[in-house]
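Here the structure is laid out as structure tokens; the discussion comes afterwards.
Read the figures in this text as sums done on the coordinates, not as results from a lab. If you're wondering where the values come from, they're calculated on a predicted model, not measured in any experiment. Cβ coordinates were reconstructed from backbone atoms using ideal geometry, including for glycine residues, and neighbour counts include every protein chain displayed.
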Amino acid sequence: MTKDALKAVLPWVLGLWLAGVTVAGLLWAPAAAGFHGDSFRIVFFHVPQAWVAVLAFCVNLVASIRYLRTRAPLDDARAAAAARLGMLFAILATVTGSIFAKLEWGMFWNWDPRETSIVILLLIYAAYFALRQAVVDEERRASLAAAFAIFAFVTMPFLIFVIPRVYSSLHPNLVEATQGAVRFKMDPGMRLVLFSALAGFTGLFAWLYSFEVRLARVLAARHSREEA
Amino acid sequence: MGVVIREVIVLNAGVVTVRFDGVTKRFGRQRVLAGVGGEVRPGHLLVVAGPNGSGKSTLLNILAGLLRPSYGEVRYLDGDVPLPRDDWYPRLGMAAPDMAPYEELSALANLRLFARLRGCYNGDGPLGTLLEELGLAAAHHDRLIAAFSSGMRQRVKLAQATLHLPEVLLLDEPSANLDADGHLRLGTLVERLKPTTAIAVATNDPREIAWGDAKIELAG
Amino acid sequence: MMRRSSLLAESLAIVCKELASELRQRVALSAIGLFAITTLIAVAYQIGPYSLAENDRPFLLSALLWIILFFASMAGLARVFVKEEDAHTAKTLRLAARPHAVLLGKLVFNLLLLLALEVVVVPLYCGLMGLRIEGVLGLVLVMLAGGATLSISATFVAALIARASGSNTLFPILALPLLLPLLVAAIAGTRAAVGSPELGAVLPALRAISSLGGVTMVTALLLFPVVWRD
């Protein structure tokens, strides 16, 4: 199969995969113990969304560092695209998370450490875009945004690692570390669906991201044609 | 004045040439500069002329390294060796309408600060002499800039731009707000610095255009 | 002519310049001071020494103190960079000084400003709210470390927003998410100092604050030339 043909087929494979994950998550996965009714099924969407929000934050960091080294407008476009998608998935994760929280703990919001972290992540994304909007000069916008993204990334671990020790977490722990080995507390069927969902959402992110980067490339090409 | 300037000639053995090619600058969708190129070197004064909004100040800012061009490049050459960007500013002096002195400091305190920052502070004497040579009488040296007229400010700006004997001097509308006397003093200063300093002047004043050995005419 | 000044001398020249202008204009000082005093009076009037349950007092009063300090600093710490852009003096400074000298000079000035604020506000707050401090030394350390870390992040964000339009509204928006970990740790440290005379009680918070300060300082030094020059 040629590269182009593969590129044409991949989105369809991704679509089928995600459809399969949705059906499996909602209908097939066995009920998990310790949850009210079917509320646990939201995990198959919530966890991958939160994962993609964090992944996008990392992609944004890499693109920002690259921009400061290469000064290529495309790297800035990459950073912005990752942040846009990251913000979208952070919002989705927050919404699905608070629906789950309402069903499970009776309240939409509890200021649980992980809830706090995702809100901070949302605030950082919002600040990132507020900064981008406030700078007119493209080159300056790109470097200021990159600098903010890197600075924010450096302070983020302090939230994730400092806050959870201050307060105790309500969040269900899906992974338990025992004697150095990581053991999963899940039913094999549930685990299969969750990992398939993680892979599917990562693929979805990659597809949307490549779409955005391609768009930026086309716009840049049009700009330089106008210059010529 | 003569004493100070003769010192310049002795000290500035290094010759820095600023060369720029295809400099284009876009602000959003608006294009300000399109593929401008040229050279600034000692003894070869470059005049940048053009109607308001044609990008004279933008070009000078790009030459100073204060603004990145959208396309094209600027190089500072020490002989044939390009200098890294970090080495541009110490060799550079600049005066522009958007470079105000500190209002809350006196004229002398402003110059003292910049001399200290540039590592060439040798007491107030030379700084006072420089101000007087630019036509600012000693009585004004310790007064706050806030009380200065715009012409007096312009003289402080010019002193700030030249106090460290720069190798590259960028002057954006240098005679703005200057009276006939001020203009004369500016002309003397430029003429004496010219042999050892790469100077670029952005202006539409015919008297200053006459200083130029080369001219870039930017379209509106 | 090439540069013959050291980084230290340049930073010092900038600190002196900041102090001279501040002494003459007192804009940052009065913005921060008035903000802090106004909120302090509002809080003291509304809550006072008696209206909180004894159990909640250490935590609530520590949190309130840091919220006052945080928002007061948001009112004035951005000025070091914003005023340079507003008064059109930034460009001259950019050409004359090394970026790191600018960062260090402005940072030291902001730190002095913040410490002056703490020296006035903290005793006043304790007096008005009837807050008894068991570990005074612990509190001093938390205030010093918290002030230093706060001024590092705030100074860096000030440099960022000074180059954007609408910078005064942008400052708290950008600074808040970056400063939240500090705020959490500083509140925890203050509460520990209120409740215990042992220095060990504030140690976990002190460790968190100073490691955050160290990491942000290094990052700020690395990134500042980009922010300041581009």
Item to check | Largest-first principal axis extents, alpha carbons of the range C:2-229, Å | outcome: 63, 34, 28
Checklist outcome for this item: Row for the protein assembly as shown, column shape: gyration tensor on C-alpha, a ≥ b ≥ c, rounded if a/c < 1.5 i.e. under 1.5, prolate if a/b over b/c, else oblate; value oblate
Checklist entry - Which Cα, out of C:ALA20, C:ALA42, C:ILE67, lies furthest along the positive dipole direction of the range C:1-68 (beta carbon charges, K/R +1, D/E -1)? => result C:ALA20
Checklist entry - In degrees, nearest 10, range 0 to 90: what is the angle between the Cα axis of helix C:57-76 and the longest Cα principal axis of chain C? => result 20 degrees
Checklist entry - Which listed residue (A:TYR125, A:MET190, C:LEU52) has the Cα farthest towards the positive end of the charge dipole for the protein assembly as shown, taking +1 on Lys and Arg C-beta and -1 on Asp and Glu C-beta about the Cα centre? => result A:MET190
Item to check | Approximate spin-label separation B:ALA137-A:GLU138, in nm, with each point projected 7 Å along Cα-to-Cβ | outcome: 5.4 nm
Checklist entry - Between B:ASP213 and C:VAL140, what FRET efficiency follows from the Cβ-Cβ distance if R0 is 45 Å, with the result rounded to 0.05? => result 0.10
Next on the checklist: Neighbour counts of other C-beta atoms within 10 Å: give me C:ILE14, C:ILE161, C:ILE67, C:ILE133 arranged from fewest to most.
Outcome noted: C:ILE67, C:ILE133, C:ILE14, C:ILE161
Checklist entry - Where nothing but the Cβ of Lys and Arg (+1) and of Asp and Glu (-1) is charged, how large is the charge dipole of the protein assembly as shown around its Cα centre, in debye to the nearest 20? => result 920 debye
Checklist entry - So how tilted is helix B:124-133 from the main axis of chain B? Cα-based, degrees 0 to 90, rounded to 10. => result 70 degrees
Next on the checklist: If you take each beta carbon of peptide B:15-28 and count the beta carbons of other chains within 10 angstrom, what is the mean?
Outcome noted: 1
Checklist entry - Residues of B:101-114, mean number of Cβ from any other protein chain within 10 Å of their own Cβ, rounded to a whole number? => result 4
Checklist entry - What FRET efficiency do you get for A:LEU27 and B:ASP86 if R0 is 60 Å and r is their Cβ-Cβ distance, rounded to the nearest 0.05? => result 0.45
Checklist entry - Taking θ as phi - 60°, what are the ³J(HN,Hα) couplings along the range C:182-191 by the Karplus curve (6.51, -1.76, 1.60), each to the nearest whole Hz, with x for Gly and Pro? => result 4, 4, 4, 5, 5, 5, 4, x, 5, 4
Next on the checklist: Let me see the P(r) profile for the range C:90-168: every Cα-Cα distance counted, bins of 5 Å, each bin given as a percent of all pairs.
Outcome noted: 3, 13, 18, 19, 15, 11, 8, 7, 4, 2, 0
Checklist outcome for this item: Partner shielding of A:120-132, as the mean number of partner chain Cβ atoms within 10 Å, equals 4
Checklist entry - If we count every other residue with Cβ under 12 angstrom of C:ALA154's Cβ, Lys/Arg +1 and Asp/Glu -1, where does the sum land? => result +2
Item to check | Between 0 and 90°, nearest 10: helix C:203-229 axis offset from chain C longest Cα axis | outcome: 20 degrees
Item to check | Net length gained if the chain between C:GLN46 and C:LEU19 were fully extended (0.36 nm per residue, minus Cα distance) | outcome: 6.1 nm
Checklist entry - What is the dipole size for the range C:2-229, taken about its Cα centre, with +1 at each Lys and Arg Cβ and -1 at each Asp and Glu Cβ, in debye to the nearest 20? => result 860 debye
Checklist entry - Can you sort B:TYR71, C:TYR45 so the residue with the fewest Cβ neighbours within 10 Å comes first? => result C:TYR45, B:TYR71
Next on the checklist: For a protection proxy built on the mean count of beta-carbon atoms within 10 angstrom, sort A:65-72, B:38-45, A:88-95, C:185-192 highest first, please.
Outcome noted: C:185-192, A:88-95, B:38-45, A:65-72
Checklist entry - Looking at the square roots a ≥ b ≥ c of the eigenvalues of the Cα gyration tensor of the range B:10-120, which shape do they give, rounded for a/c under 1.5, prolate if a/b is larger than b/c, or oblate? => result oblate
Checklist entry - In terms of modelled amide H atoms, which long-range or inter-chain residues lie less than 5 Å from the amide H of B:ALA202? => result B:VAL48, B:LEU171, B:ASP172, B:GLU173
Next on the checklist: Using a 7 Å offset from the Cα along the Cα-to-Cβ direction at both B:ASN204 and A:ARG225, what is the distance between the two label points in nm, to one decimal?
Outcome noted: 3.6 nm
Checklist entry - For the pair B:GLU39 and A:PHE129, how long in nm is the line joining their label points, each one 7 Å along Cα→Cβ? => result 5.0 nm
Item to check | Residues C:MET217, B:MET94, sorted so that the one with the fewest Cβ neighbours within 10 Å comes first | outcome: C:MET217, B:MET94
Checklist outcome for this item: Once Lys and Arg are counted +1 and Asp and Glu -1 for all other residues with Cβ under 14 Å from that of B:GLY135, the total becomes 0
Next on the checklist: I'd like to know which of A:PHE89, B:GLY65, B:LEU158 lies farthest towards the positive end of the charge dipole of the protein assembly as shown, counting +1 on Cβ of Lys and Arg and -1 on Cβ of Asp and Glu.
Outcome noted: A:PHE89
Item to check | Within the protein assembly as shown, helix-based [θ] at 222 nm, where runs of 4 or more DSSP H residues each add -39,500 (n - 2.57), nearest 500 | outcome: -22000 deg cm²/dmol
Next on the checklist: Give the separation of the Cα centroids, the range C:200-220 to the range B:125-169, in Å.
Outcome noted: 46 Å
Checklist outcome for this item: Under 17 Å between C-alpha atoms, the lysine pairs in the protein assembly as shown lying 8 or more places apart or on different chains count 11
Item to check | For the range B:55-69 and the range A:123-147, distance of Cα centres in Å | outcome: 21 Å
Checklist outcome for this item: Output for the range C:16-120: GluC sites (Glu not before Pro) sitting in coil per DSSP, at most 16 other Cβ within 10 Å, listed by number, reads C:GLU54
